[in-house]
Amino acid sequence: MKRSRGGATDLSVQLGPLRLKNPIVAASGTFGYGTEFLPYLKLADLGGFVTKGLSLLPRRGNAPPRTCETPSGMLNAIGLANVGVEAFLDEKLPALRGCGTAVIANVFGETREEYVAVARRLNGAPDLHAIELNLSCPNTEKGGIAFGVSPPVIREVVAAVRRAAPGLPLIVKLTPNITDIAVAGRAARDGGADMLSLVNTFLGMAVDLRARRPVLDNVVGGLSGPAIKPLALYMVQRVYREVGLPIMGMGGISGAEDALEFMVAGSAAVQVGTANFFDPTASVRMVRDIDAWCRREGIRAVRELTGTLQFPHGAPPAPCAG
Ligand SMILES: Cc1cc2nc3c(=O)[nH]c(=O)nc-3n(C[C@H](O)[C@H](O)[C@H](O)COP(=O)(O)O)c2cc1C
């Protein structure tokens with residue numbers, strides 16, 4: 001693993017069937033459909049990016065205000081506004097031809113059939129490298145409880161999507177709003193996921209004290225950004241030890257050292273979300289800084305860092321507080 005100083009770092013990573021040129025992937029909902037970031041960076045410098053979540057039909061999302069800043073983070077209740085899978089295939093994906101990076105389509109539905117229908121449309125699309133299933137979506141057939149909190153539902157929807165899109169690597173994105181995220185990870189694995197991404201946002205709210213009202217029109221939003229990093233890191237190391245699938249970790253990653261901490265905790269690659277809003281060049285800066293860090297530390301291949309976290313007193317037990 002060690003090498004003498006100097007020489008190029010091998011930044012490539014392999015997650016099951018998906019090979020990325022480097023471990024930095026821009027996260028869903030924070031990077032549009034990729035082309036929005038062309039004024040700021042070269043997409044080819046990234047390991048990949050994930051599109052905004054795609055549904056069967058276009059959606060306008062929630063009424064404003066639908067984002068707000070919070071200490072070291074932000075809340076969003078965008079409501080999964082998107083162009084719909086047909087416009088993605090007709091307009092957005094062709095604009096990415098030859099962009100030189102892995103394009104990953106984020107998929108959601110309000111019913112199992114909707115997940116399946118979107119995945120089936122994407123299967124075989126040219127220049128699409130993988131799909132990522134967002135399981136944080138409310139299941140309208142089960143009273144609006146998120147798909148991702150019920151292990152049997154996770155297994156079912158993942159297996160159905162697996163059958164509908166056999167040609168695409170399948171990433172399953174886990175919600176952290178569950179007692180033990182490892183249980184959800186095992187259900188996704190058993191349904192046929194190739195890899196996992198975690199975490200999505202944590203449910204939260206903000207209050208406008210003077211108005212005695214919630215800040216967000218939707219009341220509830222998803223918390224992201226540096227505020228969630230320790231929570232996300234904990235979950236990544238737990239899923240890494242308990243599930244045995246390759247992981248894309250995320251949650252508050254803002255610099256190269258954050259990304260490397262997630263890799264040491266068990267991520268094979270990482271996703272960068274909220275940081276894209278306060279610095280649209282954050283993702284490509286991290287690629288450069290990871291390379292520089294590896295050179296300084298004498299590390300030849302960044303993938304060798306994955307899962308190297310040491311536990312001086314033995315691995316921590318299952319969830320406990322206090
Ligand atoms: C404004 C916004 C929109 C998002 N939209 C989606 C989405 O459509 N699908 C999805 O799976 N995750 C979505 N996310 C979650 C992010 O991809 C990511 O999981 C989360 O923000 C944690 O990473 P971060 O702290 O680096 O932002 C969204 C996050 C934000 C801030």
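The values are calculated or read from the model by the stated rules, or taken from the named source; none is laboratory data. Here the structure is a predicted model, which means the values were calculated and not measured. Here the Cβ positions follow ideal geometry from the backbone for every residue, glycine too, while neighbour counts run over all protein chains shown.
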Members of segment 241-254 found to be surrounded by fewer than 22 Cβ atoms within 10 Å (Cβ to Cβ) and over 16 Å from the mean Cα position of the chain (by Cα), listed by number: ARG241, GLU242, GLY244
Restricting segment 189-199 to residues that are more than 14 Å from the ligand (Cβ to nearest atom) and in contact with a helix residue (DSSP H, G or I) (Cβ under 6 Å, 6 or more places away or on another chain), the residue that is nearest to GLU242 (Cα to Cα): ARG189
Evaluation of ARG238 against (1) under 24 Å from VAL264 (Cα atoms); (2) out of contact with any Asp or Glu (no Cβ under 7 Å at 6 or more places or on another chain); (3) surrounded by 23 or more Cβ atoms within 10 Å (Cβ to Cβ) (one fails), failing number: (3)
Among the candidates THR179, THR175, residue that is farther than 16 Å from ILE247 by Cβ and either in a loop (DSSP other than H, G, I, E, B) or within 16 Å of the ligand (Cβ to nearest atom) (or both): THR179
Test: residue in segment 217-234 that is in a loop (DSSP other than H, G, I, E, B), crowded, with 24+ Cβ neighbours inside 10 Å and away from the ligand (no atom under 14 Å from the Cβ): no
Residue in segment 37-51 that is assigned to a loop (DSSP other than H, G, I, E, B), away from the ligand (no atom under 15 Å from the Cβ) and of a type in the set (Lys, Arg) present: yes
Considering residues of segment 206-216 that are closer than 13 Å to GLU69 by Cα and part of a loop (DSSP other than H, G, I, E, B) only, the residue nearest to the ligand (Cβ to nearest atom): LEU216
Test: residue in segment 158-176 that is charged (D, E, K, R), surrounded by fewer than 23 Cβ atoms within 10 Å (Cβ to Cβ) and over 22 Å from GLY79 (Cβ atoms): yes
Selection status of ILE104, modelled with pLDDT of 95 or more and in contact with a His (Cβ under 9 Å, 6 or more places away or on another chain): yes
Some residue of segment 278-285 being without any contact (Cβ under 8 Å) to a residue 60 or more places away in the chain, more than 16 Å from the ligand (Cβ to nearest atom) and not aliphatic (A, V, I, L, M): no
Count of residues meeting criterion [out of contact with any Ser or Thr (no Cβ under 7 Å at 6 or more places or on another chain), away from the ligand (no atom under 12 Å from the Cβ) and part of a helix (DSSP H, G or I)] in segment 250-270: 4
Residue that is crowded, with 23+ Cβ neighbours inside 10 Å and more than 11 Å from the ligand (Cβ to nearest atom), where the choices are PRO23, PRO58, PRO65: PRO23
